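The values are calculated or read from the model by the stated rules, or taken from the named source; none is laboratory data. Nothing here was measured: the structure is a model prediction, and the numbers come from that model. For neighbour counting, all protein chains shown are included, and Cβ atoms are generated from backbone atoms with ideal geometry for every residue, glycine included. Note: accessible area is taken over every heavy atom of the protein model, side chains too, but ligands, DNA and RNA are not part of it. Shrake-Rupley method; radii C 1.70, N 1.55, O 1.52, S 1.80 Å.
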Amino acid sequence: MYFVFSVKSESVHLPCLAFIRLPETPRSEMACLACLLWPAHLFMRDRRKGINALKASVKMIEEIKADIRALIEEKKCGPIFIRLSWHDAGVYSSGKLTGGCPNAAMRFTDAGEGTFGANAGLPTVALDLLRPVTDKYVTTSGIISNADLWTIAANVAIESMGGPVVPTRFGRIDASSSSESVESQVGRLPDGDKGVDHLREIFHPKGFSDGDIVALSGAHTVGRCHADRSGFDGPWTESPLKFDNSYFVEMLAKEYDPETTARGCPQNRCPRTGTVMLVSDLALLDPPFREYVELYAKDQGAFFKDFVNAWVKLQENGCADLRDTL
């Protein structure tokens with residue numbers, strides 16, 4: 001036998017427990033029934049609270065995403081938000097070097113990750129662009145951590161520029177000072193002037209395969225190098241604000257001439273279009289990386305699928321107890 005309790009469109013079936021009929025008065029019988037139903041009332045109350053909290057979290061996430069989307073549309077800043085999340089999370093390693101996680105340590109510029117050469121422009125340009133959203137949801141209300149905001153900003157940027165939908169989980173904890181940075185960028189973040197061995201040295205200890213390295217490199221389909229930040233100069237593709245598989249298509253289709261930038265960095269430029277490929281980009285034409293380049297050049301869906309899997313792993317490396325809600 002079951003009691004059935006309905007709340008709006010949902011029904012919950014609870015077993016009816018046997019109880020002894022008390023012969024003294026009907027009131028005692030009603031009291032016994034009330035004792036039986038009270039746990040069901042508490043269950044449904046807590047269930048409603050959980051549903052309402054979930055709805056509120058979903059609504060807030062959508063509000064945050066809408067504000068980020070509007071900012072990207074106005075400022076055309078999607079690529080630098082992707083780089084911000086990548087460099088925040090990319091310091092993780094489990095090889096000779098250990099530790100590191102996405103904790104927004106770049107906010108502090110007295111020392112640590114905020115001073116790394118590889119992060120040039122991120123503590124200033126990227127965070128200045130994101131500041132209106134940070135002030136609203138982090139500083140004022142404390143709804144979301146900086147690290148989670150950087151994560152979702154990158155994922156909104158990818159989708160806004162035509163890329164795949166990237167799921168975001170929450171619960172990253174912000175660093176409280178620069179002392180929570182990793183010791184150095186060396187051995188943790190890749191150098192653009194190095195080849196295959198270096199890429200494996202950086203990415204394999206993060207848990208990535210050769211195929212993952214190629215998929216993650218596909219993020220170079222958007223954005224450009226800035227000489228005053230990285231020393232390299234120029235966009236990778238002819239549509240640097242469109243997230244698609246052009247990076248792989250153009251890499252295979254174009255001829256590139258080696259050159260040295262004004263900052264002394266070696267790179268390769270297509271004389272016809274002015275687009276560039278770094279040494280680390282063209283290293284992907286070596287086997288076995290090349291098979292993935294060729295696959296992604298002809299199958300954008302395969303690229304998107306593999307990119308999302310590798311990208312989410314990158315964003316979650318070193319994190320614990322992540323959740324789907326704020």
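Below, the figures for the structure above:
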read-out: Positions within region 195-239 being assigned to a loop (DSSP other than H, G, I, E, B), open to solvent by 30 Å² or more (accessible area, probe 1.4 Å), under 14 Å from Ala310 (Cα atoms) and touching a residue at least 60 places away in the same chain (Cβ under 8 Å), in sequence order; value: Gly207
read-out: Within region 159-189, considering residues that are polar (S, T, N, Q) and either within 21 Å of Ile61 (Cβ to Cβ) or touching a Cys at 6+ places or on another chain (Cβ under 8 Å) (or both), the one least open to solvent (accessible area, probe 1.4 Å); value: Thr168
read-out: Some residue of region 253-260 being free of Cβ contacts under 8 Å to residues at least 60 places away in the same chain, surrounded by 13 or more Cβ atoms within 10 Å (Cβ to Cβ), of a type in the set (Val, Ile, Thr) and in a strand (DSSP E or B); value: no
read-out: First in region 296-310 and more than 15 Å from Pro167 (Cβ to Cβ) and part of a helix (DSSP H, G or I), second anywhere and open to solvent by less than 20 Å² (accessible area, probe 1.4 Å) and among the charged types (D, E, K, R), Cβ under 7 Å, 6 or more apart; value: Gln300/Asp244
read-out: Candidates Gly231, Gly195, Gly187 - the one that is closer than 19 Å to Val91 by Cβ and more than 21 Å from the chain's Cα centre (by Cα); value: Gly187
read-out: Search result, residues across region 277-295 that are without any contact (Cβ under 8 Å) to a residue 24 or more places away in the chain and either assigned to a loop (DSSP other than H, G, I, E, B) or touching a helix residue (DSSP H, G or I) at 6+ places or on another chain (Cβ under 8 Å) (or both); value: Pro287, Arg290, Leu295
read-out: Residue list for region 278-301, filter: farther than 11 Å from Gly211 by Cβ and open to solvent by 20 Å² or more (accessible area, probe 1.4 Å); value: Val279, Leu282, Leu285, Asp286, Pro287, Arg290, Glu294, Ala297, Lys298, Asp299, Gln300, Gly301
read-out: Any hit, region 99-115, residues being open to solvent by 30 Å² or more (accessible area, probe 1.4 Å), within 24 Å of Asp306 (Cα to Cα), of a type outside the set (Phe, Trp, Tyr) and not in a helix (DSSP H, G or I); value: yes
